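Peer 1: Here's a structure for you.
The values are calculated or read from the model by the stated rules, or taken from the named source; none is laboratory data. The structure displayed is predicted, hence computed values, not measured ones. When we count neighbours, we look across all protein chains shown, and the Cβ atoms used for this are built from the backbone with ideal geometry, even at glycine. Only protein heavy atoms, including side chains, enter the accessible area calculation; ligands, DNA and RNA are left aside. Shrake-Rupley method; radii C 1.70, N 1.55, O 1.52, S 1.80 Å.
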Amino acid sequence: MASSNEKKLLWAEDFGATKDGQPDPKSWSPDLGDGSQHGLIGWGNHEREFYTTQALKVDSGLTITAKREQGVSPIETYYGPAEWTSGKIHTNGKVFFKYGYLEISAKMPAGIGTWPALWLLGKSISEGKPWPICGEIDLFEGNGAKPKTIQSTLHGDGYAGEFGITGFLQVPLNLSENYNLFAIDWRENSIEWFFNGNSYLRFEAGEGEFAGKAWPFNDYFYLIINQAIGGWFVGEVDTQLQSSTLEIAFIRHYQVDGIGEVLLPNA
């Protein structure tokens, strides 16, 4: 983290045990299905998974387990019977973040075709500014075929999807073998990414790749955690892969140098 005179914890999630084993509904909502109900067939990426609550489990941490369906699945998707089920949760309408230091302790799934993601979308997506105008911050995206590669991206008006402005970090360890800390230090007009406390990427409004481009990141955003399977980002899925699990130990959001806010609309 950047040097700081003050670090204040504003919000934390430890995914402690709940009565039904699901993420706390005060903070989290599940996304379900294959995206068709939102007009995003295959979640806009030709993904193969169908999201269910059964893929989510909370007990001293969160697990999102993707499973290959056996036989002919009764779950219908945009491409026919579901090949995979998995899970996705978000804080939209419940917890919003603006600036500060956000860190997530996670162990990534293993297997070619897995696509874990820790990311944020602008609150304004529900206020008349559709994606990508609302902005998207990809804290981390993983590709199971590249288990030692971290990819982090910003998407906005004029630079979205495959044209998102991105950075990479190659690490000496397989991200599915241990928990690691993935974080951003998010300030007005800048975002800096950290892996296990070490900076590896920084973007600034109006500078470098962002010269003359929109910067929608000076606003409230909500957090999303999911494990997709297949799709344009990771390609074909290993035919021998039967299941994979994304594990989250905790999430922390800090105010740094007096900078950082959490909005809880229902508090």
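Peer 1: Which of G87, A66, Q22 sits closest to the plus end of the dipole of the chain, meaning its Cα is farthest towards the positive end, when Lys and Arg get +1 and Asp and Glu get -1 on the C-beta?
Peer 2: It is Q22, whose Cα lies furthest towards the positive end.
Peer 1: Among L118, L62, L32, which one shows the biggest mean-square fluctuation in a GNM of the chain, springs joining Cα atoms closer than 10 Å?
Peer 2: Of L118, L62, L32, the most mobile in the Gaussian network model is L32.
Peer 1: Assuming 0.36 nm per residue, please report the length gained on full extension of the stretch E127 to I165 beyond their Cα-Cα distance.
Peer 2: Once the chain is fully extended between E127 and I165, it gains 11.3 nm.
Peer 1: What aspartates and glutamates could a cross-link reach from K88, if we take a straight Cα to Cα line under 12 Å and drop same-chain neighbours fewer than 8 places away?
Peer 2: Excluding near neighbours in sequence, the set is D31, D34, E49.
Peer 1: For K8, give me every one of the aspartates and glutamates with a C-alpha distance below 19 angstrom, ignoring sequence neighbours fewer than eight places off in its own chain.
Peer 2: Once the sequence-local aspartates and glutamates are set aside, what remains near K8 is E103, D185, E188, E192, D257, E261.
Peer 1: If you average the sequence gap of Cα pairs under 8 Å that are 6 or more apart and divide by the length of the chain, what percent do you get for the contact order?
Peer 2: The normalised contact order for the chain reaches 30 percent.
Peer 1: Which percent of the accessible area of segment 1-74 is formed by carbon and sulfur heavy atoms (probe 1.4 angstrom)?
Peer 2: Exposed carbon and sulfur together represent 50 percent of the surface.
Peer 1: May I pose another question? Read phi for every residue in segment 109-126 and hand back ³J(HN,Hα) as whole Hz from Karplus 6.51 cos²θ - 1.76 cosθ + 1.60, θ = phi - 60°, with x for Gly and Pro.
Peer 2: Taking θ as phi minus 60°, the curve returns x, 10, x, 5, x, 7, 9, x, 8, 10, 8, 9, 10, x, 3, 5, 4, 9 Hz for segment 109-126.
Peer 1: Per residue, how much accessible area does the chain have with a 1.4 Å probe, in Å²?
Peer 2: Ligands and nucleic acids excluded, the figure is 44 Å² per residue.
Peer 1: I want the antiparallel fraction of DSSP beta bridges within segment 1-125, as a percent rounded to 5.
Peer 2: Approximately 75 percent, going by the DSSP bridge assignments.
Peer 1: List, in the order given, every pair from K67/K148; K123/K213; K67/K213; K107/K129; K57/K123 whose Cα-Cα distance in the structure shown is over 31 Å.
Peer 2: Over 31 Å Cα-Cα: K67/K213; K107/K129.
Peer 1: Which ³J(HN,Hα) values in Hz, rounded to whole numbers, follow from the phi angles of segment 177-191 under the Karplus curve 6.51 cos²θ - 1.76 cosθ + 1.60, where θ = phi - 60° and Gly and Pro get x?
Peer 2: So the J values, rounded to whole Hz, are 8, 9, 6, 9, 9, 10, 8, 10, 9, 10, 10, 4, 6, 7, 9.
Peer 1: Something else now. For the peptides 105-114, 6-15, 251-260, what is the packing order when you average, over each peptide's residues, the other Cβ atoms within 10 Å and list the highest mean first?
Peer 2: 105-114, 251-260, 6-15
Peer 1: Further question on the same structure: Grab the other residues whose beta carbon is less than 12 angstrom from that of W119, score K and R as +1, D and E as -1, and report the net.
Peer 2: After counting each charged neighbour, the total is -2.
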